[in-house]
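Student: Pasting a structure below so you can have a look.
The values are calculated or read from the model by the stated rules, or taken from the named source; none is laboratory data. It should be emphasised that the depicted structure is a prediction, and the values quoted were computed from it without experimental measurement. Backbone-built Cβ (ideal geometry, glycine too); neighbour counts: all protein chains shown. These accessible areas exclude ligands, DNA and RNA; they are computed on the full protein's heavy atoms, side chains included. Shrake-Rupley method; radii C 1.70, N 1.55, O 1.52, S 1.80 Å.
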Amino acid sequence: MRRLAAAALAAAALLRPASSECSKHIRFGTFDEANPYAALAPSQWLDDDEVCWVYYRQLSGGRAVAHLDSGELDVAMLGSTPYATAVARGAALTAVAVLHNKGTAQALVVRCALHGPQDLRGTTIATPRYSTTHYILLAALDEAGLDHVET
């Protein structure tokens, strides 16, 4: 228990808010993913006397887009689906880099009792709206000939 408390205190010290001496704060939306950029948040490598980066954990790409739209974030890490959805509806976003490619690293996980898409009929399915998982599910339902409203 003591180790856990010590680790929590150390993490809190590393993730302290940007210095109040900075004349500009850049609000960056991040996710709990293992990426090289994750080392930047606790290190404050990008901070200087004028600009400080402040990191905010985001729950989904859709929510990060909403925070960008409202002006609560200046920059956010987004997946391709939330970005494409936002741009398609007219959001004023610009992609500046690709952090990583998930490729085949995404999947839909179901209970053992489900053996195929037809077994989803009459069930309730939950995914983060506008996420890659959401669109993979819609495509799978469409390919199986299932109406996403009836499942």
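Student: List the pairs whose first member sits in region 128-151 and is under 18 Å from G116 (Cα atoms) and without any contact (Cβ under 8 Å) to a residue 24 or more places away in the chain, whose second member is open to solvent by 70 Å² or more (accessible area, probe 1.4 Å) and part of a loop (DSSP other than H, G, I, E, B), and whose Cβ atoms are under 9 Å apart, counting only residues at least 6 apart or on separate chains?
Tutor: Note: pairs meeting the criteria are L138/H148; D142/H148.
Student: Within region 61-75, work out how many residues are open to solvent by 20 Å² or more (accessible area, probe 1.4 Å) and touching a Ser or Thr at 6+ places or on another chain (Cβ under 8 Å).
Tutor: Total satisfying the criteria: 1.
Student: Being among the acidic types (D, E) and outside any loop (DSSP other than H, G, I, E, B) is the filter here, so list the residues in region 61-93 that pass it.
Tutor: The one that is among the acidic types (D, E) and outside any loop (DSSP other than H, G, I, E, B): D69.
Student: So T127 clears everything in (1) polar (S, T, N, Q); (2) at pLDDT below 80; (3) surrounded by 11 or more Cβ atoms within 10 Å (Cβ to Cβ) except one condition, right? Which one?
Tutor: T127 satisfies every listed condition except (2).
Student: For region 8-52, which positions are open to solvent by 50 Å² or more (accessible area, probe 1.4 Å), at pLDDT 80 or above and either among the hydroxyl-bearing types (S, T, Y) or assigned to a helix (DSSP H, G or I) (or both)?
Tutor: Once the filter is applied, which keeps residues that are open to solvent by 50 Å² or more (accessible area, probe 1.4 Å), at pLDDT 80 or above and either among the hydroxyl-bearing types (S, T, Y) or assigned to a helix (DSSP H, G or I) (or both), region 8-52 yields only S23.
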